[in-house]
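Peer 1: I'd like to ask some things about the structure below.
The values are calculated or read from the model by the stated rules, or taken from the named source; none is laboratory data. All values reported here derive from a predicted model rather than from experimental measurement. All Cβ positions, even for glycine, are placed from backbone atoms using ideal geometry, and neighbour counts span all protein chains on display.
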Amino acid sequence: MLSSTEALDIAAAILSVSGTITGSARLKISWPLSFSACLLYSILFYQKELLFNTVIHIIYLPLSVLGLYLWREKNPSTLKIKSTPTPIINLIATTCLFVYFYCKVHGLSWHYDFITSFLSITAFVLMGFAQLECWLLWLIADVFYLYLYSSHALFYSLFKSFFYCLITSTSFVLWKRKYLNGIKNEAT
């Protein structure tokens with residue numbers, strides 16, 4: 001028999017994977033699916049005392065509404081995919097490295113929770129603006145989530161993050177093709 005924690009983990013993982021797959025295909029339904037998953041994950045991570053993951057999923061709620069607004073066109077698959085400027089990517093990397101080393105020097109244990117949350121929020125926003133590099137940030141975050149979820153016995157979320165690694169890698173390749181085709185079409 002499933003505990004309430006396991007049931008929440010399963011439901012949130014299913015909604016979350018569905019939202020990511022539909023997001024990769026640039027379908028508007030991805031945002032309501034993500035909103036629902038984030039609501040469930042907020043409750044689950046609060047119960048598991050993962051503070052940053054609780055906060056991130058609460059932050060995702062209005063970001064899901066923003067994503068739906070940004071993709072309000074009838075056919076969001078026509079959204080032009082853009083590349084994120086290098087200074088923004090450098091700022092993201094510098095922030096993660098700073099937090100990691102700060103936590104190591106001061107003996108703090110929340111660096112993985114913070115870094116995954118920071119990368120995920122940033123990726124979520126970049127996805128709303130159809131930025132190609134959102135998928136790379138998701139991939140890095142999901143690699144960290146594999147460790148985080150295994151250490152907290154969240155096995156359905158662990159499986160979800162493993163599946164996400166496959167989805168994000170594939171999505172990056174698909175979006176990159178569309179991005180390069182867009183550049184080619186603009187040149188002609």
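Peer 1: Consider segment 41-61. How many of its residues are under 17 Å from residue 10 (Cα atoms) and in a helix (DSSP H, G or I)?
Peer 2: Final tally of qualifying residues: 10.
Peer 1: Give the number of residues within segment 147-167 that are without any contact (Cβ under 8 Å) to a residue 60 or more places away in the chain and within 18 Å of residue 15 (Cα to Cα).
Peer 2: Our first condition is that a residue be without any contact (Cβ under 8 Å) to a residue 60 or more places away in the chain; within segment 147-167, this holds for 147, 149-151, 153, 158, 161-162, 165-166.
Okay, now just the ones that are also within 18 Å of residue 15 (Cα to Cα), so 149, 158, 161-162, 165-166.
Summing the residues that are without any contact (Cβ under 8 Å) to a residue 60 or more places away in the chain and within 18 Å of residue 15 (Cα to Cα) in segment 147-167 gives 6.
Peer 1: I'm told residue 96 meets every condition in (1) in contact with a Phe, Trp or Tyr (Cβ under 7 Å, 6 or more places away or on another chain); (2) touching a residue at least 40 places away in the same chain (Cβ under 8 Å) except one. Can you identify the failing condition by its number?
Peer 2: (2)
Peer 1: Let me ask something additional. In segment 160-188, which residues are part of a helix (DSSP H, G or I) and modelled with pLDDT under 85?
Peer 2: Within segment 160-188, the first condition is being part of a helix (DSSP H, G or I), and the residues that meet it are 160-187.
Result: 160, 182, 183, 184, 185, 186, 187.
Peer 1: Here are 43, 115: which of them is surrounded by fewer than 18 Cβ atoms within 10 Å (Cβ to Cβ), without any contact (Cβ under 8 Å) to a residue 40 or more places away in the chain and within 25 Å of residue 163 (Cβ to Cβ)?
Peer 2: None of the other options fit; the residue is 43.
Peer 1: For segment 75-129, what are the residues that are touching a strand residue (DSSP E or B) at 6+ places or on another chain (Cβ under 6 Å) and either assigned to a loop (DSSP other than H, G, I, E, B) or closer than 20 Å to residue 145 by Cα (or both)? Before you say what the answer is, go through the steps one by one.
Peer 2: Of the residues in segment 75-129, the ones touching a strand residue (DSSP E or B) at 6+ places or on another chain (Cβ under 6 Å) are 82, 84.
Within segment 75-129, 84 is the sole residue that qualifies.
Peer 1: Considering each residue of segment 22-40, count those that are outside any helix (DSSP H, G or I) and of a type in the set (Val, Ile, Thr), and give that number.
Peer 2: So the count comes out to 1.
Peer 1: Being in contact with a Phe, Trp or Tyr (Cβ under 8 Å, 6 or more places away or on another chain), within 17 Å of residue 167 (Cβ to Cβ) and of a type outside the set (Phe, Trp, Tyr) is true for just one of 13, 25, 37. Which residue is that?
Peer 2: The match here is 13.
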